[in-house]
Every structure is written in structure tokens, then in C-alpha cells.
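The values are calculated or read from the model by the stated rules, or taken from the named source; none is laboratory data. Since this is a predicted model, take the numbers as computed values, not measurements. Positions of Cβ are backbone-derived with ideal geometry, glycine not excepted, and every protein chain shown enters the neighbour counts. Ligands, DNA and RNA are excluded from the accessible area calculation, which covers all protein heavy atoms including side chains. Shrake-Rupley method; radii C 1.70, N 1.55, O 1.52, S 1.80 Å.
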Amino acid sequence: MTAVPRTRFPMARNALAELRLNPHRVIAVVVAIMISVGYLTASVTVLAGESATFEQSVIARTAATDVVVTVGAGDPAEHAALATRISTVAGVASADLSFLSQGRVTGSSDWVQQQSVPANPKLRWADLTEGRWPATPGEIVLGSVTARQLNLDIGDRITINDRNSSATLTVTGLAHEGNSLLSGLAPRSFVAPSFYSVAGSIHTSLQTEILVIGDGTVTQDQLAARVTAVAGGDRVETSAGFTQRKLAEKTQGVFIFQLLLLVFGAVALLVGSIMIVNTFLILVAQRRRQIGLLRAVGAGRDQIRRGLLVEATAIGATGSLLGVGLGVALAACVAAVLDGEFALPAGQVAAVAAVGVMIAVLSVLVPARRAVRIAPLDALRAVADPATERRTSLARRAGSLGLIALGLAAIGLGFTDTTVALLYSVGGSFVCAAGLLSATGLFLPPLLRGLGSALRRTGPAARLATDNAVRNPGRAAATGAALMLAVGLVVALQVGAAGMKATADGNLDVRYPVDVTVSMFDGALPARATGDIAAVSGIAGAAGVRSSRVTVRGGGKPRPVRVLGPGADAMAVVSGLHPPVSAGVVLADPYLLDEIGLRDGGPVTVTGRSGSVTLPVRADHLAPDEGLVVAPQVLATLDDGAPVGTVWAKARPGADVTALRSQLRSAVEPLTGAEVGGGLSAKLMYHAALDRLLALTTMLLAVAVLIALVGVGNTLGLSVLERTRESALLRALGLQRRQLRGMLAVEAALLSLSGAVAGIAAGTFFGWIGTHAVSGQLNLENVRFSMSVPQTLTVAAVAVGAGILASVLPGRRAARATPVEALAER
Amino acid sequence: MTEISPAAARDLTKTYGTGDTAVPALRGVTADFGRGTFTAVMGPSGSGKSTFMHCLAGLDRATGGHAYIGGQDLSVLDDRELTRVRRDRIGFVFQSFNLLPTLTAVQNILLPLDLAGRTADPAKLAAVVGSLRLGDRLDHRPAELSGGQQQRVAIARALVTGPDVVFADEPTGALDSQSAATLLDFLRRSCRELGQTIVMVTHDPIAASYADRALLLSDGRIVDELSDPTPDAVLGVMRSLAA
Ligand SMILES: Nc1ncnc2c1ncn2[C@@H]1O[C@H](COP(=O)(O)OP(=O)(O)O)[C@@H](O)[C@H]1O
Ligand SMILES: [Mg+2]
């Protein structure tokens, strides 16, 4: 007797055999999961590395320290005395003072942070890349990135000042400054502790600590207890406790970054899962007869479902594994390029991989429901029962339309004057977008037909393509939805950023009307100053402004302030459209107005050296900080001998700011007592921040676009496969190879174009809503709509171009076969 | 010189595969199909009937010998020219899956003309559609047509271009006997009345009896030829081949 082999898991075996026999059908799904998981893995791994780099920089400073005493504000002499007292405590080997201060680089608007490096070599934690540590109060070591930004090198001199004093130092060395995404935000430098005690220096320490090193006879905790006994009211911590507290304070930024990356990861996963659902729906439709046959020979519904789940799990696991490999490799590259730490957060990576498998399994639930509805009789039917590709149900249509209406209503509320406008706008946009996505079945097929009808006239291939594109409305809608989501997000970002920029520009011109100001506190600038500043490359124009010191009297007591009387030449270098200053008004710094208790529009009396006027006052940012602006003839009344004490200058658009600043610095440095101000830095900072954010988010969204395009290619490839016999029939009846390829390309172009068009329309709308909401939140006025047509067209071109490209492979395969091969009965 | 025949084969051979797995499906077939004749190509399953038709109709390339359509040697044509011959000079009716599911019946009928950028002669279209009794089915899609109706639409499509020759591969293979009879009757009529040359592949003796002539294929060779075949005569030859 022969043994009858018995299979334990017939459906699983069948599912896996399916994958082995037809791997190309699911490659796109594997790729989609791989990309999503790879992206998420790279995100968490890069972030872990960044956090490690960041932690190291925080830990490094107190790594050799056992106990840290944070001393409050007070007399430096007392601090020194305390340090001496601590150093005599039993178990203490050394106690050194450490200071932190901030100073403006004189002649510019850049700030630099100074950290004192104790003389104790054990506490010199940073790596010196060049030169030597500062030994005297007149020496400074700059962070390498900071030095590059300031255009300074060893041997150069730098002058820094705060409100009360200034110091000129010589650069003696450069310290390694990791080019991390998170650190290096504050320009850094190192000085000797004695810097804080000499005259002609910065004395205000923002954070003073005493770094205590033990002699190893007691534990950190015991040492801390002993130090507490002599420290009085100051905070004493072990270095472990200290770094923990510092990290907790500083990881806020990391968290936001993490959130951002994860949100985009979720978008990629969403696009991926739309695509996976679509692919499995197609696969189920294609295996209709096969599934019917299985049912006919006795497979139960559960078994059919289980078979699909096994298949999805296998696909998800393969994609996830490949994705983890890809992501880790990417993160390693990033760490190598940024010269940072590489840390593998195993738990998070495992979670991400699990999410990849889960998405695959969840995505197969809907197709599985359709699969179990297939009747045994389907095995015998040549043509699919129309019920297999059912139209969107009425309930679902009503649901999507309801969501859209609800979302629009909320967005409308966001435009009204309410404190939670942002919440309404953002929430409304989400609801509205969800509605739009679920309604793609309603509007994409008509859109496809509309776009196609324009092409119909071009020939039979285009006509056939249009018919093919809409033959499976559900499939076309799902493909379009994925692309619409991806393109929509990119366009929303672009439009939002362009609008924000335009709006911010308008507001910044009002807030910072003058790019660069160089002014004396009192008295005249040297005669050549205006010419010197105008000569700086990157300066488009400069004009001298007469100024004087006056007394202003509003409600309270009189107050001495500066007043400027810009002539027509000076008004010409003001940004935006500022009207000339009328002789019947005094313009005041809005903050000054507040401080002296004056009402906008109320009368103010200004008394100068040679006269006095009483005029209505108006808040205007044209006035310098704590100052006034009047018409030239009014200034002449106030002080008939007012000298040119200020220069206003306008930067050339697109000028290299680093070069501009350093040249400006050298032009201004010889002018003793002159101070540089103006809105250039602030404006550029806003622009740079917006540009960086846009570049970053576009890059992150590119992942979603990529997945959507893989989806278009996949849908197309599978449909071509499914229509092999149709293609063969067409070829037999006289369709040329070229025409067949053209037909598939047109079909792909139509699918991606309709997704792109819908995405651009929705993205533009949501981008504009976003601009409105964020501008409102930031109290910006005159919200402007702006979009870059070339940018948007590029997105559309990329989507359509990639769609056509995706048709090339299936098109070649379809065209290569001879009519007979394809007509053969399978 | 004699009149050029719409279709002819000279020593046509076809071998599938190479080396050990080579299958000689045609071993030198020579035949002429005169204008206005209705020929049935008969033979047991696997005898090479479909292969013969595919090579003769430019759907596949022969391994050796020549196939002529309207005097044109197909073996010298490239794919583009061959496609054009199929489109303009040949009509096809297959056993099943003849129609594009996305097109209506009339769109399917006009597809070859459409591909050629030509418009149909309305009188001819009306005549073909009328005699096939498809008038009220023109705007239906294939899924809404019966098997017999689908095959009639395919025949209308094959005839409407006025091709040199119509090739039909087991056109009645998937039909019930009533529909099959209607279809075969129509084929015979279009041959008699319109002078349409028809080559029909079949293994059914009754179907073959509608033709003027039957060629009998066995093992890739023509082994017999019957004029005005009757089902009994054909059956007799078939039996002898099987024996
Ligand atoms: N694509 C192919 N590859 C290999 N062998 C084939 C192929 N098509 C047909 N054959 C073989 O060629 C022979 C003739 O086939 P065919 O022309 O289809 O016969 P018929 O139509 O008379 O049944 C058979 O032996 C068949 O197995
Ligand atoms: Mg056959």
C-alpha cells in the first residue's frame, strides 16, 4: 500500500506556490513596503544617531566631573570664593568655575555663545582641530562651523559686545563642531575663565557652574552631599543627574523632529497601503476562475481568506526585511556623511518592521472579502460577473460627500474671527481631504473621460486607451487616489510655502523697512561712512540720514530719544512701499510708544536743541529702536545743525549674506562707536527657515510620491498582463507594435494626469487654507496667495512622465509577443 | 499567367522549439485557395490545422517555405508590413475571445477600418449587419451578447473590410448546434453571393460539409482532399486517419 501524503496547510502552500510562480505580480507591493519601511527605519536610526551625537556633546562637558554646582546670579568674587571653599572639602580633587555668556559680534547682528574652558586639562572636553586653547582673557577658540559662518580664521581678531561692554579677542584655535542636524544651532566659542574677570570684557555670565572632581575616595553621591554642606543655597548635583536634567531640557527639539519624520512616514505608509489594497484587488480579480475552481473542489471561505493572509504576510515580511536593510544602510551613510554617531534603536526598528507586515495584512482584508464572495460557478464563467467590480455604493458616496461638506464648513469657521481658527482650519482640511480621497470613485472617472475625450481625436490607439483607462473605475480611482494624495501633499506644501513667503515678505517689509542701518549713538558719522558702506558689494544703495537727540514728552515724564529725518534719497533705500514721511506727523518705534504711555494718533511734544514741535504720533517700524522719525524740515526745526549720524542701506536681492556681513563689519569697525542694525538678518532668517522647511518636507514627501508612482506602474503592468489576449487580438486585427505601446503609454499618462490634476487642485486649495491659518496664528496681516507655476508644472510633469515611463516595461512585454503566442488558450 | 489566388502555401514548414524538444507541426504543406472558394481545413487534434492557418494568415512566422496573400510573399515582410497585411487584406474569426470587451458591437465591427484610419462604406456595413441580423445589437457590449451573436459580430468585422481572404479557426467550436448552423450558413452564403474567399479550420465533419472543398491534414501534411464534402465522406476519411 502506498502512503497517502497529507498536507497540513493546503491553502498556505497554495499561496506560497502562487508567490513562487508569479513573483513579478507582487514585486511592486514588496517594493512599496520596502520603501515605506526603509524610510521609517532610516528615520528612527538617523534620529537615534543624532540623539546620541547630541547627548555626547551634552555629556562630554561634564564627563570628567563628579559633582556640578550651579550657582545663581551674584558677585563673581563670591563665586570664586565658593570654588576655593569647595576645593578644600575632603574628597575633592579640584573645583573649577565655568561660565557661559552670549555676545553680539560687533559690526554685525550675529550672536556667538562663549563657554569658558577651565584651565584644568581634564575639563577641556572639546576636540581642538587646529591651534591652541585660550590662555589669556584676550584669546578665543571658535567652533569650526561658527568660524566658517563668520568668515574668520586663526590669527583674526573678533570683537564681541553685550549691552554693557565689549571685548576684542584673537582667534587662537578652532574646535571640532559636529555638523549634526540638531546641534550646532548656536554658534559656539571657547574662552579662558579669566575672560570674565578682566576689565573691557563681557561680565554677564548666563550660567555659572563649579565643576568638582573627586579624588576617588567617595562616591559621587557622598561627594555631592559634602559639597552641599558648604554650597549654601546653590544647586548641587552629581554629574549624572546634571546631564540628565540638561538632556531633558534640550530634547524637545529632537521630539518635534521625530514627530515630523513619523508624520511623513505615516503618509508614505498610507499611500503604500492604498496601493497594496489596489494590487490585491487586481490579483483577486485575475484569479477569479482559479479561486472559483478551489471553491468548486471544496475549499471553504475561511481557507480562501487564510490563503490570502498567508500571502500578504509573506509579502509584508519580505518587504519589511528588505526595507530594514535599506533603511539601516541609508542611516549609516547619513552618519558617515555628517560624521556623527551611528546607533541602531533595535526596538524601534523591530516595531517599524512589524508595522510593515501589519499594513500588508490589513490591506488584504478588503480584497479578501471580495475573494470569498467568488462563487464556485465563477470557475466556469469566461467573463467576470459585473458584481466583482462593483461600483461605489450609495452609502459610501453619501459618506464621502458628507465628509467633504463637514470639512468645508469647519474650514469656513476657521476664516471667522475665533481663537481656535487654526484648529478649525487644520481639522477641517483633514476631514475634507479624507472625504476627497474616499470620493475619488466619483470624480476621477469623469475626469479621466474628460481628459481622454481631448485625446480621442488623435487616433484609434488613444481612443482605445481612454476606454481602457475607465473600464475599471474602481481600479482607476484607487490608483488615482494614491497619486492624488502624494501630489496633493507636495503641491499643498509648495503653495503654502510660497504664500507664507509672500505674506511674510510683505509683513517683514513693514516690520523691517530698512535692511542695514549704521548709526552713532550721538553726533556725526565720519563723512566717508556713506560712501564706504555703499561701496560694499552686495549693497544696492546707501544714503545718509540726519539725526539728533531730542526729548519726547507724552503722558509721563520726558524721555531722551534719537530722532531721524530721512530725506528722499534715504526713503529710496527703504523696502516695500513706504510713503514719504509727512511734515505733520511723528513716527515712533511701536515699543517706545508703549513704554512712554502714548496712544497711536495722540499728540506728542518733541523738544530739540533749537526748537520744539507738537504733532500726532504714529507707530511705525521705520523708526529706529527706541527712536523717532520725522520729515527733514521738522528735524531742521528741532535741531538746525543735525549732522548725518545714520546711514540706511539696502541689500542687493540674492546677495551672499556671509560675505556681505563680513565686508560690512570691516567697513564699520574703523568707525568708533558706530553700531550696525537693520532687518536684513531677521528677514533672511525667516526666508532660510522657510526654505529649509520646504526643502526638507518636499524631500520627505518624495518618498510618498515614489510609492504612488510604483503603484501606477504596478496597476498598469497588472492590467496589461490581464489583457494579454486582448492585446493579441488587436495585433491580429492590425494594430502595429508602436500603436500598442502608444496605447499603453496614453493610458498611463491619462491615469497619472488625472491623479496629478486632482492632486494639484486639492493641494492648491489646502495650501492656501494652510497659509491663511498659519498667517492668522502668527498675526501676519494681508495674507497673500502665491504659487510658483514652474514648480507646480514640474510636479505634474514628473508625475505624468513617471507614469508614462512606468508603461514602458509592460508595453514592451505586450508588444513583443506574436499574436499567436498570446491567443493561445491558457 | 493564371489569376493570382487570394491565399496560397508553398512547401510551408513550421517547427516549434529546437534540439531535443523540437516539434515539427507542419512538414511541407502546399495548397491554393482560389477566389470565391470556401475551404475547410480538417484533421484530428494536433495535426497542425491551427499552425497552418496561423502561418498562412501572417499571425506567426513559418520556419520554411512561403505563404502568399494576394500574391504577396509574407516571409519577406517585416512586422510592420505584416501587420498592415492582416489589417487590410485578411479577416479573422477565432474560436472565442473575438471581441474587445470595452467596445460596443459596432465599434468592434469597425475596429480594423478604424485602425487603418478608413471609414466604412455605409451600404456595405448595412448589408453585412442586416444579413447577420445584428441590427438591434449594435450598441451592446460583448458581455451583453450571446456566444452566437458574438461570433456573428466577429464575422461582420471580418467581412466589412472586403478582405482578400477570411480565416476562421473553429468558429463554431464554442456554439450550440443551432447557432453553429446559422453561422455556417452565413459563411457559405457570403462565399456564394459575395464571392468571399474563406478558409475555415475545423475538426467537425458537419461544419466541413458547408464548404466546397475539404483539405485533410495529418501529422503536419495534407493527406487527402475532398470536393463538395458530405459529413459521411469526411467522417470516413477521418476514421481512416485515426486507424
Ligand atoms: N506554441 C507551441 N509550442 C510547441 N508546440 C506547439 C505549439 N503550438 C502547437 N504545437 C504543437 O504543434 C502540433 C500542431 O498543433 P496545432 O496546429 O495546434 O494542431 P490542431 O490545431 O490541428 O489541433 C501539436 O503537436 C502541438 O502540440
Ligand atoms: Mg487548433
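Within straight-line reach of A:K683, meaning a Cα separation under 24 Å, sit the following lysines at least 8 residues removed in sequence or on another chain: A:K501, A:K650.
Per residue, the average separation of C-alpha pairs within less than 8 Å and at least 6 apart gives the stretch A:316-364 a relative contact order of 64 percent. Per-residue 3J(HN,Hα) values for the stretch B:107-118, derived from phi via the Karplus relation 6.51 cos²θ - 1.76 cosθ + 1.60 with θ = phi - 60°, read 5, 5, 4, 8, 3, x, 5, 4, 5, 7, x, 9 Hz in sequence order (x marks Gly and Pro).
Approximating the spin labels as points 7 Å out from Cα along Cα→Cβ, the A:R725-to-A:F415 distance works out to 5.5 nm.
When A:E209, A:E595 are compared by accessible area at a 1.4 angstrom probe, the order from most to least is A:E595, A:E209. For the protein assembly as shown, DSSP calls about 75 percent of its internal beta bridges antiparallel. Around A:T517, with a cut-off of 10 angstrom between Cβ atoms, what is the net charge of the other residues, counting Lys and Arg +1 and Asp and Glu -1? Charge balance near A:T517 sits at -3. For B:K14, the aspartates and glutamates whose Cα falls under 15 Å of its own Cα, not counting residues fewer than eight places away in the same chain, are A:E821, B:D60, B:D219. Taken as Cα centroids, the stretch B:161-194 and the stretch A:639-709 sit 83 Å apart, rounded to the nearest whole angstrom. Compute the FRET efficiency between A:A535 and A:D162 as 1/(1 + (r/R0)^6), taking r as their Cβ-Cβ distance and R0 = 25 Å, and round to the nearest 0.05. Step by step, r from the Cβ atoms, then E = 0.25. Projecting the Cα positions of B:H54, B:L194, B:A120 onto the charge dipole of the stretch B:7-242 (unit charges on Cβ atoms of Lys, Arg, Asp and Glu, taken about the Cα centre) puts B:A120 furthest along the positive direction. To put it simply, the accessible area of the stretch B:7-242 at a 1.4 Å probe is 48 percent carbon and sulfur. A 1.4 Å probe run over the protein chains yields, for the stretch A:64-239, 44 Å² of accessible area per residue, whole-number rounding.
Extending 7 Å from the Cα toward the beta-carbon at both A:S87 and A:N120 defines two label points whose distance is 0.9 nm. Please check the stretch A:696-735 for residues whose accessible area, probe 1.4 Å, is lower by 50 Å² or more when all protein chains are in place than in their chain alone. The answer is A:R725, A:E726, A:L729, A:A732, A:L733, A:G734.
Put simply, the amide H of B:V223, placed in the peptide plane, has neighbours under 5 Å in B:L216, B:L217, B:S218, leaving out anything fewer than 5 places away on its chain. A probe of 1.4 angstrom, applied to the heavy atoms of all protein chains, finds A:V263 with accessible area near 80 square angstrom.
Put A:M520, A:M787 in order of accessible area, highest first, and with a 1.4 Å probe you get A:M787, A:M520.
Buried accessible surface for the A/B pair, both sides summed and rounded to the nearest 100, is 2200 Å² with a 1.4 Å probe. Of the residues making up the stretch A:787-823, those losing 40 Å² or more of accessible area when the isolated chain is joined by the remaining protein chains, with a 1.4 Å probe, are A:V820, A:L823. The largest accessible area among A:T771, B:T37 belongs to the first residue in B:T37, A:T771, and the rest follow in falling order (1.4 Å probe, all chains). Under the criterion of Cα pairs below 8 Å and six or more residues apart, the relative contact order for the stretch B:1-153 equals 20 percent.
When the charge dipole of the protein assembly as shown is built from unit charges on Cβ atoms (+1 for Lys and Arg, -1 for Asp and Glu) and taken about the Cα centre, the candidate among A:V676, A:A147, A:A335 whose Cα reaches farthest toward its positive end is A:A335.
Out of B:G130, B:G28, B:G19, any idea which swings most in a Gaussian network model of chain B, alpha carbons joined below 10 Å? Per the Cα network of chain B with a 10 Å cutoff, B:G19 tops the list. Between A:A17 and A:L338, the simple label model (points 7 Å from Cα in the Cβ direction) yields a spacing of 5.0 nm.
I'd like the carbon and sulfur percentage of the solvent accessible area for chain A, probe radius 1.4 Å, heavy atoms only, ligands and nucleic acids excluded.
Answer for chain A: carbon and sulfur cover 61 percent of the accessible area.
In a reduced charge model with +1 at each Lys and Arg Cβ and -1 at each Asp and Glu Cβ, the protein assembly as shown shows a dipole moment near 3120 debye about its Cα centre.
Find which of A:N120, A:S98, A:W133 sits farthest along the positive direction of the dipole of the stretch A:64-239, computed with +1 on the beta-carbon of Lys and Arg, -1 on that of Asp and Glu, about the Cα centre. Going by the charge dipole, the pick is A:W133. Under 1.5 on a/c is rounded, so check that first for the stretch A:64-239, then, if it is not, pick prolate when a/b is larger than b/c and oblate when it is not; a ≥ b ≥ c are the square roots of the alpha carbon gyration tensor eigenvalues. Here the stretch A:64-239 falls in the prolate category. Its Cα centre serving as origin, chain B has a Cβ charge dipole (Lys and Arg +1, Asp and Glu -1) of approximately 320 debye. Solvent-accessible surface, computed for protein heavy atoms with a probe of 1.4 Å, shrinks by 40 Å² or more for the following residues of the stretch B:94-121 when the other protein chains are added to the isolated chain: B:F94, B:F97, B:L100, B:T102, B:D114, B:L115. Here is the list for the stretch A:746-826: GluC sites (Glu not before Pro) lying in DSSP coil, each with at most 16 other C-beta atoms within 10 angstrom of its C-beta, are A:E781, A:E825.
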